[in-house]
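Let me begin by presenting the structure, written as structure tokens, before commenting on it.
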Amino acid sequence: MKAHRKKKLITILTALVLLSSAVGLLLFAIGDYADAFYEPTKVVNGEAPLNKTVRVGGLVVDGSVNRSSDSLYVEFDITDNQESITITFDKSLPDLFREGQGIMAEGKLIDNKTLKATKVLAKHDEQYMPPEIADTLKKSHQDGVNKMKDQQSKEKGDY
Amino acid sequence: MNWQEFFNMGNHGLYVWWSYGVTFVAIILLLLAFSWYKKKLLAKVKSHAKDKTPKARKVVTEQITE
Amino acid sequence: MANASKSFGRWFHQLGSPKWFYQKSAKWLPWLWIATAVLLAFGLYYSLFASPVDYQQGNSVRIMYIHVPAAALSMVGYLAMAICAVIGMVWKMKMSFMAMRAIAPVGALFTFICLFTGSLWGIPTWGTWWEWDARMTSELVLLFLYLGFIALHSSFNDRSKADNAAAILALVGAINIPIIYGSVKWWNTLHQAYSVTKKGAIAPEMQTPLFIMIAGFYLLFAIMVIIRLRLEIMNREAKSKWLQEVIS
């Protein structure tokens with residue numbers, strides 16, 4: 001490589017390294033502020049501001065969904081597998097909403113355990129499969145669980 | 001599966017067909033923009049070819065008369 | 001070894017010649033079109049008919065087969081543009097700057113397709129067409145970078161100034177690419193995490209059409225860049241005799 005080209009290449013590479021580290025530092029400084037939502041643990045720890053519009057996200061806790069019989073009002077818990085908070089909502093939920101599903105809710109925190117949501121969005125995970133396979137997976141999972149239970153009760157019986 | 005069902009796509013047809021449709025149209029539009037630009041460039045290259053030396057001009061006129 | 005580097009050198013040299021490229025690419029294009037048409041015909045048949053619905057999203061999962069390839073190419077295209085910028089600046093290769101300029105509109109098109117189909121996909125699955133999360137915002141920034149590049153390049157009368165200024169923008173903007181890619185990992189976003197590179201995340205009967213469509217989109221991208229690059233050559237070599245002879 002000719003000397004002047006080498007020099008130019010080195011200049012460009014140096015500039016790129018400097019620029020990337022600058023942007024890297026900037027991103028590091030932004031950190032959590034670029035998060036689209038707070039996890040329940042952060043809300044419970046009081047890291048999310050009360051009475052201001054915030055977004056929280058987590059998985060809908062199995063069996064926590066309480067629908068009102070005469071209106072759209074619904075209450076459910078979301079969790080990040082450590083802490084959980086309650087969401088209240090009075091509009092229609094997205095199609096993908098179901099127990100165990102990841103969701104993101106926007107609204108105001110009444111206290112560090114409850115969010116009054118004005119918007120609920122379903123968060124999709126990265127799994128894509130046809131319904132038959134999902135059913136089989138669910139079934140084989142259930143079979144496995146039952147088998148384990150049988151095993152356990154058998155073991156209990158043995159002893 | 002009948003056509004009705006196929007186009008409806010379980011009530012998601014609107015989103016699916018708009019996605020595919022707009023993608024197709026956008027690609028065609030850019031290709032059309034390219035061909036429109038090509039016409040302009042052809043004229044530009046030809047105009048440059050004309051104001052050349054007499055020899056070059058001769059070559060060009062010969063080809064035009066062909 | 002010496003032989004290999006020699007033949008690479010020759011290939012690099014040929015690729016650097018507008019005349020060689022203009023004449024050769026005319027022969028490549030029909031074949032590329034045939035390959036693309038075959039891939040996209042198969043891909044569309046699979047993605048619209050022959051692939052199963054998703055267990056959660058139903059039919060709207062079919063948007064994935066154009067959204068994901070478009071997203072991949074929007075990023076790969078920008079990286080290619082940045083590489084062309086470096087080669088152009090260091091080796092003063094004319095063709096490299098021409099290729100850089102040719103990629104921009106095609107990359108912008110694929111970025112637009114990615115954003116548009118993503119929004120349409122978001123309505124039934126998430127319940128919203130837009131959310132200012134890290135992934136969506138950085139992809140929107142990518143569209144503005146492409147458009148900014150085109151605007152900057154066309155704002156100069158002096159072509160070599162235009163090339164150099166736009167090349168710097170292409171290079172600086174390339175920092176956005178790892179941010180787009182990493183956004184779903186570094187921050188929590190409404191957008192889901194990686195599926196394509198994660199083993200077993202996509203069922204095989206959905207992966208096949210997806211890969212066919214990705215291959216088809218790569219070829220389509222290449223075709224459109226080649227077409228635009230031939231126009232760029234026409235524009236810049238309008239005064240050269242070889243081109244005038246080829247055209248008339």
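The values are calculated or read from the model by the stated rules, or taken from the named source; none is laboratory data. The shown structure was predicted, so the numbers you read here are calculated from the model rather than taken from an experiment. Counting neighbours? That spans all protein chains shown, and the Cβs are built from the backbone with ideal geometry, glycine included.
Exactly one residue among A:16, A:25 is more than 21 Å from residue A:119 (Cα to Cα), without any contact (Cβ under 8 Å) to a residue 40 or more places away in the chain, out of contact with any Gly (no Cβ under 6 Å at 6 or more places or on another chain) and more than 10 Å from chain C (Cβ to nearest Cβ), and that residue is A:25.
A single member of C:182, C:200 is in a loop (DSSP other than H, G, I, E, B), out of contact with any strand residue (DSSP E or B) (no Cβ under 8 Å at 6 or more places or on another chain) and within 12 Å of another protein chain (Cβ to nearest Cβ), and it is C:200.
Could you go through segment A:96-110 and let me know if any residue there is of a type in the set (Asp, Glu), assigned to a strand (DSSP E or B) and at the interface with chain C (Cβ under 10 Å from one of its Cβ atoms). Scanning segment A:96-110, I find at least one residue that is of a type in the set (Asp, Glu), assigned to a strand (DSSP E or B) and at the interface with chain C (Cβ under 10 Å from one of its Cβ atoms), so the answer is yes.
Candidates in segment C:22-71 are the residues that are part of a helix (DSSP H, G or I), over 19 Å from the mean Cα position of the chain (by Cα) and of a type in the set (Val, Ile, Thr); of these, the one that is nearest to residue C:105 (Cα to Cα) is C:34.
Restricting to segment C:45-71, count the residues that are out of contact with any strand residue (DSSP E or B) (no Cβ under 6 Å at 6 or more places or on another chain), of a type outside the set (D, E, K, R) and under 13 Å from residue A:129 (Cα atoms).
10
Take residue C:154 and tell me if it is more than 10 Å from chain A (Cβ to nearest Cβ), over 30 Å from residue A:96 (Cα atoms) and among the hydroxyl-bearing types (Ser, Thr, Tyr). Criteria met by residue C:154. When segment C:12-21 is filtered for residues that are in a helix (DSSP H, G or I) and either more than 15 Å from residue C:225 (Cα to Cα) or β-branched (Val, Ile, Thr) (or both), the ones remaining, listed by number, are C:12, C:13, C:14, C:19, C:20. Residue C:184 - would you say it is modelled with pLDDT under 90 and of a type in the set (A, V, I, L, M)? So residue C:184 fits the description; yes. The requirement of being crowded, with 18+ Cβ neighbours inside 10 Å and among the small types (Gly, Ala, Ser) is fulfilled somewhere in segment C:25-48, by at least one residue. Every listed requirement among (1) without any contact (Cβ under 8 Å) to a residue 60 or more places away in the chain; (2) surrounded by fewer than 22 Cβ atoms within 10 Å (Cβ to Cβ) is met by residue C:68 save one, (1).
Pick from segment C:72-94 the residues that are part of a helix (DSSP H, G or I), more than 7 Å from every other protein chain (Cβ to nearest Cβ) and modelled with pLDDT under 95: which of them is surrounded by the most Cβ atoms within 10 Å (Cβ to Cβ)? Checked segment C:72-94; the qualifying residue surrounded by the most Cβ atoms within 10 Å (Cβ to Cβ) is C:88.
Would you confirm, using the coordinates I've provided, whether residue A:39 is surrounded by 15 or more Cβ atoms within 10 Å (Cβ to Cβ), of a type in the set (Asp, Glu) and closer than 26 Å to residue C:200 by Cβ? Spell out how you get there, then give the answer.
Values: surrounded by 15 or more Cβ atoms within 10 Å (Cβ to Cβ): yes; of a type in the set (Asp, Glu): yes; closer than 26 Å to residue C:200 by Cβ: yes.
Yes.
Among residues of segment A:125-142 that are facing chain C (nearest Cβ under 7 Å), those with a beta-carbon under 8 Å from a residue that is part of a helix (DSSP H, G or I) at least six positions away or on a different chain give the pairs A:128/C:61; A:128/C:64; A:128/C:206; A:129/A:137; A:129/C:206; A:130/C:205; A:130/C:206. In this structure, does residue C:103 turn out to be under 29 Å from residue C:230 (Cα atoms), crowded, with 24+ Cβ neighbours inside 10 Å and facing another protein chain (nearest Cβ under 7 Å)? Judged against the criteria, residue C:103 is not a match.
Which of the following residues is in contact with a Phe, Trp or Tyr (Cβ under 8 Å, 6 or more places away or on another chain), in contact (Cβ under 8 Å) with a residue 60 or more places away in the chain and of a type in the set (S, T, N, Q): C:74, C:17, C:25? Working first, answer last.
On the way: C:17 fails: in contact with a Phe, Trp or Tyr (Cβ under 8 Å, 6 or more places away or on another chain); C:25 fails: in contact with a Phe, Trp or Tyr (Cβ under 8 Å, 6 or more places away or on another chain).
Checking each option against the conditions leaves just C:74.
Residue A:126 meets all of the listed conditions (1) in contact with a Lys or Arg (Cβ under 7 Å, 6 or more places away or on another chain); (2) of a type in the set (Asp, Glu); (3) part of a helix (DSSP H, G or I) but one, namely (3).
I'd like to check something: does segment C:92-108 contain any residue that is in contact (Cβ under 8 Å) with a residue 60 or more places away in the chain, more than 24 Å from residue C:143 (Cα to Cα) and either out of contact with any Ser or Thr (no Cβ under 9 Å at 6 or more places or on another chain) or basic (Lys, Arg) (or both)? The answer is yes; a qualifying residue exists.
Among the residues of segment C:234-248, the ones that are more than 7 Å from every other protein chain (Cβ to nearest Cβ), part of a helix (DSSP H, G or I) and of a type outside the set (A, V, I, L, M) come to 4 in all. If you check C:206, C:213, C:224 for being part of a helix (DSSP H, G or I), more than 9 Å from every other protein chain (Cβ to nearest Cβ) and closer than 24 Å to residue C:38 by Cα, only one passes: C:213.
Name the one entry in A:93, A:50, A:59, A:72 that is in a loop (DSSP other than H, G, I, E, B), under 22 Å from residue C:192 (Cα atoms), out of contact with any helix residue (DSSP H, G or I) (no Cβ under 9 Å at 6 or more places or on another chain) and of a type outside the set (D, E, K, R). From the options A:93, A:50, A:59, A:72, the qualifying one is A:93.
One residue stands out among those in segment A:59-73 that are on the phi < 0 side of the Ramachandran plot and among the small types (Gly, Ala, Ser): the one that is surrounded by the fewest Cβ atoms within 10 Å (Cβ to Cβ), which is A:69.
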